[in-house]
Amino acid sequence: MAKHPTQESWARRPNEEDMPITFLVNRAGPKGHEAQIILSHDVEGGYVHFARGRSVKCPKGPCEHCKANSERRWRGYCVCANARNRELTLVELTAAAMKPIDIYFRQHRTLRGALLTTKRIPEKPNGRLYATIVESAQAITSYPAVPSVRSLLRKLWGLPKDPDANGDVQRKIREADDDTNSQTA
């Protein structure tokens with residue numbers, strides 16, 4: 001929450017830290033995720049603990065959850081649009097699901113525009129998550145540019161703003177779109 005101003009101030013929009021996160025975190029259910037069009041350039045991830053009913057980022061070095069022997073797992077996130085209804089969500093991925101995603105990224109130099117589907121085997125809430133990723137036939141230019149996944153996660157986890165964020169996210173997205181369009185032309 002922003003500090004109370006010492007002088008009267010007018011603003012057309014609230015401060016960034018006062019705005020709520022508008023992306024839902026989409027964790028795979030027992031059947032996995034519905035087909036998703038990836039809008040992020042790449043997956044952003046890190047090690048987390050599940051504590052107090054939610055994922056908590058594990059900082060560098062042993063944290064209170066590590067000391068309490070809470071299991072530490074890698075989770076990756078990317079902004080996606082549901083291929084059926086175009087709803088934007090922050091899709092959560094597990095380490096087990098990352099192999100085909102990593103291969104796709106190495107081949108195409110971006111994930112933006114790819115069609116992602118996941119499934120759990122067995123079909124249980126904690127079954128291993130497997131991913132399938134292919135080129136999408138949908139035109140990616142009809143989808144919006146997206147905010148930095150790292151910035152969304154920092155806000156979600158209550159972490160300070162990323163000191164490395166320098167506002168070049170939109171440039172990276174445009175470059176990825178240009179690369180994708182030149183490969184399909």
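The values are calculated or read from the model by the stated rules, or taken from the named source; none is laboratory data. Just so you know, these numbers come straight off a predicted model, no measurement behind them. Counting neighbours? That spans all protein chains shown, and the Cβs are built from the backbone with ideal geometry, glycine included.
Out of the residues in segment 111-133 meeting the condition of being over 18 Å from GLY76 (Cβ atoms) and without any contact (Cβ under 8 Å) to a residue 24 or more places away in the chain, tell me which one is surrounded by the fewest Cβ atoms within 10 Å (Cβ to Cβ).
Filtering first and then ranking leaves PRO122.
Just checking, how many residues over segment 93-110 are surrounded by 17 or more Cβ atoms within 10 Å (Cβ to Cβ), in contact with a helix residue (DSSP H, G or I) (Cβ under 9 Å, 6 or more places away or on another chain) and either over 22 Å from LYS31 (Cβ atoms) or modelled with pLDDT under 95 (or both)?
To start, the set of residues in segment 93-110 that are surrounded by 17 or more Cβ atoms within 10 Å (Cβ to Cβ) comprises 93-94, 97-98, 101, 104-105, 108, 110.
Then drop every residue that is not in contact with a helix residue (DSSP H, G or I) (Cβ under 9 Å, 6 or more places away or on another chain), which leaves 93, 108, 110.
Checking the rest, the ones that are also either over 22 Å from LYS31 (Cβ atoms) or modelled with pLDDT under 95 (or both) come to 108, 110.
So the answer is 2.
Can you tell me which of LYS31, LYS124, LYS57, LYS67 is touching a helix residue (DSSP H, G or I) at 6+ places or on another chain (Cβ under 9 Å), of a type in the set (Lys, Arg) and modelled with pLDDT under 95?
Working: LYS31 fails: touching a helix residue (DSSP H, G or I) at 6+ places or on another chain (Cβ under 9 Å); LYS124 fails: touching a helix residue (DSSP H, G or I) at 6+ places or on another chain (Cβ under 9 Å); LYS67 fails: touching a helix residue (DSSP H, G or I) at 6+ places or on another chain (Cβ under 9 Å).
None of the other options fit; the residue is LYS57.
Report, ordered by the first and then the second residue, all pairs with beta carbons closer than 6 Å, sequence separation of six or more or different chains, a first member in segment 57-74 that is under 18 Å from GLY45 (Cα atoms), and a second member that is of a type outside the set (Ser, Thr, Tyr) and assigned to a loop (DSSP other than H, G, I, E, B).
Qualifying pairs under 6 Å: LYS57/TRP157; ARG72/CYS58.
Could you count how many residues in segment 134-152 are surrounded by fewer than 17 Cβ atoms within 10 Å (Cβ to Cβ), in contact with a helix residue (DSSP H, G or I) (Cβ under 7 Å, 6 or more places away or on another chain) and small (Gly, Ala, Ser)?
So the count comes out to 1.
For segment 126-141, which positions are of a type outside the set (A, V, I, L, M, F, W, C) and in contact with a Lys or Arg (Cβ under 9 Å, 6 or more places away or on another chain)? Step through it out loud before you land on a result.
Within segment 126-141, the first condition is being of a type outside the set (A, V, I, L, M, F, W, C), and the residues that meet it are 126-128, 130, 132, 135-136, 138, 141.
Hits for segment 126-141 are ASN126, GLY127, ARG128, TYR130, THR132.
Taking ARG106 as the residue in question, decide whether it is free of Cβ contacts under 8 Å to residues at least 60 places away in the same chain, part of a loop (DSSP other than H, G, I, E, B) and farther than 28 Å from PRO160 by Cα.
no
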